[in-house]
Amino acid sequence: MSEKLRKLREDFLEAAHAGGPPAIYDATVLDVDNEAYTCTIDLDGIELPNIRLRAIVSNSHSVDVLPSVGSAVLVAKLDVDDFIIIASDVITDWRVTVGTTSVAIDTGGVEISKGDETLKNILTDLIAAVLTIAAAKDAAALKQLLTRVNNLLK
């Protein structure tokens, strides 16, 4: 490691620890508010409400992850009464949004959308159109394909 890189690393670590040691704790999720993107946790027998599930407090979406009630989580302390979930062993919902495009996964399946258009709707319409022109011998395979699309996508 070059001297310049070593010094930069030292300066970074010194600045990161200037406010004290990093504060990361193990906790358990007691309740999840999927509207406000917060949860209540049990931290060593202490119930703490309004724990952030998003890094930035705003109505914007980028990456949203909802932990499952009862799941083990890692909680980082940001300020005196400000905490954020940084990892969860079980989640119920995951969504990435970029502009009007999003990919979401939950127990119901996967949703890929852009605006009002979804991949499931496109594939369903495509299969329906092919069914109108397909020979009778192909209909069963196409209907099976439609069932597979419906099982995977929402």
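The values are calculated or read from the model by the stated rules, or taken from the named source; none is laboratory data. Computed from a predicted model, the values in this text were never measured in an experiment. Ideal geometry is used to build each Cβ from the backbone, glycine not excepted, and the neighbour counts take in all protein chains shown.
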Can you confirm whether Val103 is over 25 Å from Ile24 (Cβ atoms), aliphatic (A, V, I, L, M) and under 13 Å from the mean Cα position of the chain (by Cα)?
yes
Could you run through the stretch 30-48 and say how many residues are in a strand (DSSP E or B) and without any contact (Cβ under 8 Å) to a residue 12 or more places away in the chain?
3
Within the stretch 59-78, take every residue that is of a type in the set (Ser, Thr, Tyr) and either at pLDDT 95 or above or over 15 Å from Ile105 (Cα atoms) (or both) and give me the one that is surrounded by the fewest Cβ atoms within 10 Å (Cβ to Cβ).
Ser60
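If I ask for residues that are out of contact with any strand residue (DSSP E or B) (no Cβ under 9 Å at 6 or more places or on another chain) and acidic (Asp, Glu), which ones from the stretch 57-102 would you list?
Listed by number, the list holds a single entry, Asp79.
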Within the stretch 86-99, is there a residue that is without any contact (Cβ under 8 Å) to a residue 12 or more places away in the chain, under 24 Å from Tyr25 (Cα atoms) and in a loop (DSSP other than H, G, I, E, B)?
no
Here is a check on your reading of the model: is Thr97 under 30 Å from Asn59 (Cα atoms), surrounded by 15 or more Cβ atoms within 10 Å (Cβ to Cβ) and out of contact with any Pro (no Cβ under 6 Å at 6 or more places or on another chain)?
yes
Out of all the residues in the stretch 82-89, is one or more closer than 30 Å to Asn151 by Cα and not acidic (Asp, Glu)?
yes
Among the residues of the stretch 106-126, what is the count of those that are of a type in the set (A, V, I, L, M, F, W, C) and either crowded, with 16+ Cβ neighbours inside 10 Å or touching a His at 6+ places or on another chain (Cβ under 8 Å) (or both)?
3
